[in-house]
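Visitor: My structure is below; once you've seen it, I'll send some questions.
The values are calculated or read from the model by the stated rules, or taken from the named source; none is laboratory data. Everything quoted here is computed from the prediction, not taken from an experiment. All Cβ positions, even for glycine, are placed from backbone atoms using ideal geometry, and neighbour counts span all protein chains on display. The accessibility values were calculated without ligands, DNA or RNA, using every heavy atom of the protein model including side chains. Shrake-Rupley method; radii C 1.70, N 1.55, O 1.52, S 1.80 Å.
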Amino acid sequence: MKAFRSVTSTAVVLDRADVDTDQIIPKQFLKRIERSGFGEFLFFDWRKAPDFELNHQRGKILIAGRNFGCGSSREHAPWALEDYGFEAIVAPSYGDIFRQNSLKIGLLPVELPPEQVRDLMDRARAGEELTVDLEVRTAGGHPFELDDFSRKCLLEGMDEIALTLRDEAAIAAYESAHA
Amino acid sequence: MGRTLFEKVWDSHVVTHDEGRPDLLYVDLHLVHEVTSPQAFEGLRLAGRKVRRPDLTVATMDHNVATGDDTPADPLSQQQLDALATNCAEFDVPLHATGSGREGIVHVIGPELGLTQPGKTIVCGDSHTSTHGAFGALAFGIGTSEVEHVLATQTLSQRKPRTLRIHFEGERAPGVTAKDLVLVAIGEIGVDGGVGHVIEYAGPAIEALSMEGRMTVCNMSIEAGARAGMIAPDETTFAYLRERGVEIDERWRDLPSDPDAVFDREVVIDVATVKPQVTWGTNPGMVASIDDVVPEPADEAAERALAYMALTPGTPIREITVDRVFIGSCTNSRIEDLRAAAAVVQGRHVHPSVRAMVVPGSACVKVQAEAEGLDQVFTAAGFEWRRAGCSMCLGMNPDVLAPGERCASTSNRNFEGRQGAGGRTHLVSPEVAAATALEGHFAVPA
């Protein structure tokens with residue numbers, strides 16, 4: 001996994017609630033057997049509308065509405081966001097599987113209260129560069145929560161499978177106790 | 001203090017519990033399909049890792065398979081199906097491939113083959129894995145990185161979700177189905193009402209459901225944002241399992257939530273007032289009774305949804321006409337669903353302006369339906385009778401809506417473009433889908 005420490009950038013504001021992963025990356029692009037190259041298909045259908053937010057904003061931070069990434073478990077959604085160039089997302093809440101998938105690939109999903117997300121949206125629209133800093137856990141100056149374990153995995157770009165395999169003895173013990 | 005069904009299953013699967021780290025949970029059953037697994041197998045290959053427990057892993061082909069006799073899978077789909085076959089062969093994973101007779105939608109075949117059992121932890125790279133919770137299993141969808149983690153370690157590191165109990169009080173009125181119950185629940189708590197939670201569905205109306213009805217309810221837990229949905233195992237569960245040759249483990253009787261168990265949140269739904277449901281918007285929480293009208297938009301999202309759906313507030317739901325009807329998907333493609341739909345269309349004919357299809361959830365369901373003559377009922381009524389697969393639930397195969405087409409669908413998602421770019425989906429029960437096919441507009445069985 002790619003490590004994440006901090007990013008400073010202009011931000012793209014997508015002020016919509018319940019953006020589902022079918023919109024983030026439509027089904028016809030899930031047929032690829034590779035992990036890369038999904039960025040050009042990000043929000044494929046919505047990008048056909050000239051006034052769609054991503055068509056006239058640039059940045060490495062995406063600020064979105066509540067329940068971002070709900071629906072399908074497709075990891076292709078965070079792959080597409082990351083491949084497109086986003087390094088962090090800020091939203092009031094996320095679909096559980098999307099949030100988990102993002103953490104696994106080094107795309108930081110920052111959760112902030114709605115009023116603070118609103119503040120960041122306003123500042124981003126005014127062209128301000130924002131900093132999302134995982135070491136001190138702040139986004140645009142607002143402190144956010146992320147558990148220590150996920151933070152450490154992201155900071156170090158940890159191979160979680162290798163980490164779990166260190167618990168081989170415990171896994172084997174569980175298996176023999178439940179055989 | 002007593003424990004909930006969820007807590008009992010969770011606690012019995014903890015491999016390591018360390019301060020400052022999520023619990024490491026053992027996975028009893030890992031279901032695999034072609035779309036979310038190729039990159040996971042490739043990851044194993046690159047790292048020189050093996051599948052730790054191929055005997056606890058089962059694969060099938062469902063999302064991409066073409067369900068018509070006339071339509072082969074497109075080359076990219078075929079490449080993905082071939083990749084699954086190659087990966088399963090290389091890593092010794094049992095595969096129920098297309099044509100094997102045991103293939104089908106992953107959430108239909110798990111229960112059907114007797115693999116889904118009470119108290120198990122079950123994962124799959126598919127959000128509708130929640131279906132298996134109908135048996136009192138803890139079953140949830142995961143992403144491809146986690147698929148790789150489970151393949152390599154048979155475990156998953158997970159933060160413990162909170163608990164939400166939805167209590168369904170009272171009895172269903174005639175014509176009200178499991179699908180209507182879960183749609184009402186999603187409408188009630190919202191599409192993010194279950195985020196961070198495992199839902200337990202309880203109450204007399206849930207206990208009265210068949211296993212297939214319970215699967216329909218648990219299937220849509222993710223549409224309320226929940227991590228999983230569960231129903232306590234009981235005699236109905238055990239009878240279903242016995243029929244599939246599964247020996248009943250007496251310990252399963254201890255799984256139901258203790259009377260003094262405390263849930264983080266509780267919601268009560270009065271079932272007696274529930275009517276058949278039809279979604280009008282672009283997420284499953286945008287739902288109304290079939291006797292209602294298209295609502296005035298309450299916010300910008302609803303406005304956008306109505307524009308996409310080309311609907312005007314105030315229009316009676318029953319007056320909305322459809323172009324297509326789809327009966328199928330992991331929500332409603334089991335034998336009872338097909339029997340219910342067939343009973344509605346028996347001796348009648350699909351409206352001339354509607355194209356309707358029935359797609360059984362598995363090869364076994366198809367064989368059983370044909371043995372009962374249901375295929376004849378459907379084809380005589382003008383429905384297309386197709387081979388097992390995910391079909392038009394998600395449009396990854398040739399079964400798709402054309403732009404602008406409106407569909408009454410028994411599937412689980414009415415997201416924009418879900419069934420084909422520009423397509424408009426209304427989620428309904430199999431009974432309403434069948435009646436709608438006959439009338440050409442939303443209807444309940446006569």
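Visitor: Report whether or not A:I105 is of a type in the set (V, I, T), over 15 Å from the mean Cα position of the chain (by Cα), within 13 Å of chain B (Cβ to nearest Cβ) and open to solvent by less than 50 Å² (accessible area, probe 1.4 Å).
Guide: So A:I105 fails the test.
Visitor: Let me ask another. Report whether or not A:A169 is open to solvent by 40 Å² or more (accessible area, probe 1.4 Å), more than 8 Å from chain B (Cβ to nearest Cβ), assigned to a loop (DSSP other than H, G, I, E, B) and out of contact with any helix residue (DSSP H, G or I) (no Cβ under 6 Å at 6 or more places or on another chain).
Guide: Details: open to solvent by 40 Å² or more (accessible area, probe 1.4 Å): yes; more than 8 Å from chain B (Cβ to nearest Cβ): yes; assigned to a loop (DSSP other than H, G, I, E, B): no; out of contact with any helix residue (DSSP H, G or I) (no Cβ under 6 Å at 6 or more places or on another chain): yes.
No; evaluated as a whole, the condition is false for this residue.
Visitor: Conditions: (1) within 14 Å of another protein chain (Cβ to nearest Cβ); (2) under 30 Å from A:A170 (Cβ atoms); (3) part of a loop (DSSP other than H, G, I, E, B). B:D258 meets all but one. Number of the miss?
Guide: (1)
Visitor: In the stretch B:92-112, what count of residues is obtained for those that are touching a strand residue (DSSP E or B) at 6+ places or on another chain (Cβ under 8 Å) and more than 22 Å from B:N397 (Cβ to Cβ)?
Guide: Final tally of qualifying residues: 2.
Visitor: Still on this structure, please answer the following. When you scan the stretch A:16-36, how many residues do you find that are open to solvent by less than 30 Å² (accessible area, probe 1.4 Å), within 23 Å of B:M61 (Cα to Cα) and facing chain B (nearest Cβ under 9 Å)?
Guide: Total satisfying the criteria: 6.
Visitor: Hey, another quick one. Could you please give the count of residues in the stretch A:136-154 that are over 17 Å from the mean Cα position of the chain (by Cα) and either open to solvent by less than 40 Å² (accessible area, probe 1.4 Å) or in contact (Cβ under 8 Å) with a residue 24 or more places away in the chain (or both)?
Guide: 1
Visitor: Same structure, new question: Would you confirm whether any residue within the stretch B:172-186 is closer than 19 Å to A:G95 by Cβ and within 14 Å of chain A (Cβ to nearest Cβ)?
Guide: yes
Visitor: Another question, if that's okay. For the stretch B:235-255, which residues satisfy the criterion of being in a loop (DSSP other than H, G, I, E, B), open to solvent by 40 Å² or more (accessible area, probe 1.4 Å) and either hydroxyl-bearing (S, T, Y) or away from every other protein chain (no Cβ under 14 Å) (or both)?
Guide: Hits for the stretch B:235-255 are B:R244, B:G245, B:E247.
Visitor: Sticking with this one: State which residue pairs qualify: first residue farther than 24 Å from B:Q158 by Cβ and inside the stretch B:182-198, second residue outside any loop (DSSP other than H, G, I, E, B) and open to solvent by 20 Å² or more (accessible area, probe 1.4 Å) in any location, beta carbons under 6 Å apart, and separation of 6 or more residues or different chains.
Guide: B:L183/B:V287; B:G187/B:V287
Visitor: So which residues in the stretch B:296-323 are without any contact (Cβ under 8 Å) to a residue 40 or more places away in the chain and of a type in the set (S, T, N, Q), if there are any at all?
Guide: B:T312, B:T315
Visitor: Go through B:T315, B:T331, B:T321 for me and flag whichever is among the hydroxyl-bearing types (S, T, Y) and within 25 Å of the chain's Cα centre (by Cα).
Guide: B:T331
Visitor: So which residues in the stretch B:17-33 are in contact (Cβ under 8 Å) with a residue 12 or more places away in the chain and within 9 Å of chain A (Cβ to nearest Cβ), if there are any at all?
Guide: Matches in the stretch B:17-33: B:R21, B:P22, B:L24, B:Y26, B:D28.
Visitor: Sticking with this one: Based on what the data block shows, is B:E266 in contact (Cβ under 8 Å) with a residue 60 or more places away in the chain, crowded, with 17+ Cβ neighbours inside 10 Å, among the acidic types (D, E) and in a strand (DSSP E or B)?
Guide: No; evaluated as a whole, the condition is false for this residue.
Visitor: Working only within the stretch B:1-40, note down all residues that are assigned to a loop (DSSP other than H, G, I, E, B), modelled with pLDDT of 95 or more and more than 30 Å from B:T98 (Cβ to Cβ).
Guide: First, pick out the residues of the stretch B:1-40 that are assigned to a loop (DSSP other than H, G, I, E, B): B:1-4, B:12-13, B:17-22, B:27-28, B:33-37.
Filter again for modelled with pLDDT of 95 or more, leaving B:2-4, B:12-13, B:17, B:22, B:27-28, B:33-37.
Within the stretch B:1-40, B:G2, B:R3, B:T4, B:S12, B:H13, B:H17, B:P22 meet the criteria.
Visitor: Look through the stretch B:367-382, keep the residues that are part of a loop (DSSP other than H, G, I, E, B) and open to solvent by 10 Å² or more (accessible area, probe 1.4 Å), and return whichever of them is nearest to the other protein chains (Cβ to nearest Cβ). Break it down into steps so the answer makes sense when it comes.
Guide: Initial filter on the stretch B:367-382 (part of a loop (DSSP other than H, G, I, E, B)): B:372-373, B:381-382.
Retained after the next criterion (residues that are open to solvent by 10 Å² or more (accessible area, probe 1.4 Å)): B:372-373, B:382.
Working: B:E372: 33, B:G373: 34, B:G382: 28 Å.
Going through the qualifying residues, I end up with B:G382.
Visitor: May I ask you to verify whether B:F326 is surrounded by 24 or more Cβ atoms within 10 Å (Cβ to Cβ), farther than 27 Å from B:R304 by Cβ and touching a residue at least 12 places away in the same chain (Cβ under 8 Å)?
Guide: Numbers: surrounded by 24 or more Cβ atoms within 10 Å (Cβ to Cβ): yes; farther than 27 Å from B:R304 by Cβ: no; touching a residue at least 12 places away in the same chain (Cβ under 8 Å): yes.
For B:F326, the condition - surrounded by 24 or more Cβ atoms within 10 Å (Cβ to Cβ), farther than 27 Å from B:R304 by Cβ and touching a residue at least 12 places away in the same chain (Cβ under 8 Å) - is not met.
Visitor: Could I ask something else about it? When you scan the stretch A:4-81 for strands (runs of 3 or more DSSP E) that lie fully inside it, which ones turn up with 3 or more residues that are touching a residue at least 40 places away in the same chain (Cβ under 8 Å) and not small (G, A, S)?
Guide: Because the criterion is at least 3 residues that are touching a residue at least 40 places away in the same chain (Cβ under 8 Å) and not small (G, A, S), the strands (runs of 3 or more DSSP E) in the stretch A:4-81 that meet it are A:11-14, A:61-64.
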